[in-house]
1. Could you give me the residue pairs with C-beta distances under 6 Å whose first residue belongs to region 171-184 and is under 16 Å from E142 (Cβ atoms), whose second residue is in a strand (DSSP E or B) and of a type in the set (D, E) wherever it lies, and which are 6+ apart or on separate chains?
2. Tell me which residues, restricted to region 168-184, are closer than 26 Å to A276 by Cβ, crowded, with 16+ Cβ neighbours inside 10 Å and not polar (S, T, N, Q).
3. If A276 passes every condition in (1) part of a helix (DSSP H, G or I); (2) out of contact with any Asp or Glu (no Cβ under 8 Å at 6 or more places or on another chain) but one, which one does it miss?
4. Filter region 224-249 for residues that are under 21 Å from V202 (Cβ atoms) and touching a strand residue (DSSP E or B) at 6+ places or on another chain (Cβ under 8 Å) and give the result.
5. Checking the conditions here, which among A186, A151 is among the aliphatic types (A, V, I, L, M) and touching an Asp or Glu at 6+ places or on another chain (Cβ under 6 Å)?
6. Considering only residues that are hydrophobic (A, V, I, L, M, F, W, C), in a helix (DSSP H, G or I) and either within 13 Å of the chain's Cα centre (by Cα) or within 19 Å of T87 (Cβ to Cβ) (or both), which ones fall in region 230-261?
7. Name every residue in region 49-100 that is at pLDDT 90 or above and of a type in the set (G, A, S), in order of residue number.
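The values are calculated or read from the model by the stated rules, or taken from the named source; none is laboratory data. The structure displayed is predicted, hence computed values, not measured ones. Virtual Cβ from ideal backbone geometry, glycine too; neighbours counted across all protein chains shown.
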Amino acid sequence: MQLRNQQDIARRRVEGAFEPAYDLVRRVIDVLSAPSHGPAATDLATHLGVSPAHLEQALFDWCGLSPTAFAEALTADHIRGVLANATGSLNGSAPGRGPIHAFEVRIAATITDEARRRGAGLEIVYGFHAGPFGEALLTMTEDGICGIAFADEDVEGGRRTALDDMKGRWPQARFREVPEVTEKAARCIFAISGAGPPVPLVLIGTPFDLQVWQTLLKIPMGQLVSYTHIASHLGRPAASRAVGTANGRNPISFVVPCHRALRGDGSLGGYYWGLARKRALIAWEAGKAQTYHHR
């Protein structure tokens with residue numbers, strides 16, 4: 001089967017093809033992660049009720065992987081193998097080190113919870129935007145992005161749940177819906193409009209949270225590290241549990257890549273927006289990293 005070229009993929013994304021693609025990806029992940037022995041990758045299409053050509057094209061468009069490679073990226077052995085090769089990934093010396101994202105990120109400001117009393121004096125604007133992992137809620141201060149959440153549209157009240165979560169993090173802030181302000185950042189983050197200026201981040205948390213989140217921003221795309229690895233990097237080798245807790249409090253999903261941090265045994269640990277989405281993020285980045293290294 002001849003796959004569509006990259007220009008066609010970009011065109012489909014501009015036309016808003018994210019949601020149906022992610023819906024199929026999520027169904028694939030549900031099958032592959034079922035406790036009972038699921039179908040082989042070659043039988044996925046039949047099991048899902050779609051044609052093999054449709055499944056192959058959909059996964060290639062979404063992350064650049066074939067169904068077999070997609071399934072392989074989610075196996076426990078593959079994940080443990082990536083984790084075992086994490087040495088050097090936090091200090092820039094990992095072999096084949098790639099970018100953190102396809103776009104640049106810069107930390108525009110860091111604010112401790114104590115200093116701002118959970119958002120007092122902050123004005124936060126927000127908007128909902130299509131993305132490769134479902135609809136995303138972006139929140140921004142005047143300095144940059146302070147939050148990215150995911151809204152499950154197939155769940156009643158999904159948007160409200162995502163927004164309430166962000167409001168609960170900074171209850172003293174004033175929130176206003178201004179999607180035209182957040183759209184430009186969304187288009188850059190989700191690679192709809194190509195390269196742009198660095199995406200500015202505003203990190204708001206406890207001092208330890210800020211240390212962990214800034215460390216997460218050192219993990220290259222397609223690589224995985226353990227909570228223990230992060231704790232050792234911070235000079236606190238006994239604090240792996242605290243690292244896991246801070247990881248789970250990360251408000252800027254995807255961009256601050258808490259999905260790249262796992263338990264030391266290679267199990268995924270938790271993910272605030274669901275393990276299916278964490279698996280999707282890992283598989284998507286496996287494809288993107290492969291593309292980067294083969295350029």
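1. Once the first residue is under 16 Å from E142 (Cβ atoms) and sits in region 171-184, its partners that are in a strand (DSSP E or B) and of a type in the set (D, E) give R174/E123.
2. Selection gives R169 alone.
3. Evaluating A276 over (1) part of a helix (DSSP H, G or I); (2) out of contact with any Asp or Glu (no Cβ under 8 Å at 6 or more places or on another chain) leaves (2) as the failure.
4. Answer for region 224-249, where residues must be under 21 Å from V202 (Cβ atoms) and touching a strand residue (DSSP E or B) at 6+ places or on another chain (Cβ under 8 Å): A246, N247, R249.
5. From the options A186, A151, the qualifying one is A151.
6. Correct list: I230, A231, V243, C258.
7. G49, S51, A53, A58, G64, S66, A69, A71, A73, A76, G81
Yes/no per residue for (1) over 21 Å from the mean Cα position of the chain (by Cα); (2) of a type outside the set (V, I, T); (3) within 23 Å of R260 (Cβ to Cβ):
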residue: V28; (1), (2), (3): no, no, yes
residue: S36; (1), (2), (3): yes, yes, no
residue: T42; (1), (2), (3): yes, no, no
residue: H47; (1), (2), (3): yes, yes, no
residue: P52; (1), (2), (3): yes, yes, no
residue: C63; (1), (2), (3): no, yes, yes
residue: T75; (1), (2), (3): no, no, yes
residue: S89; (1), (2), (3): no, yes, yes
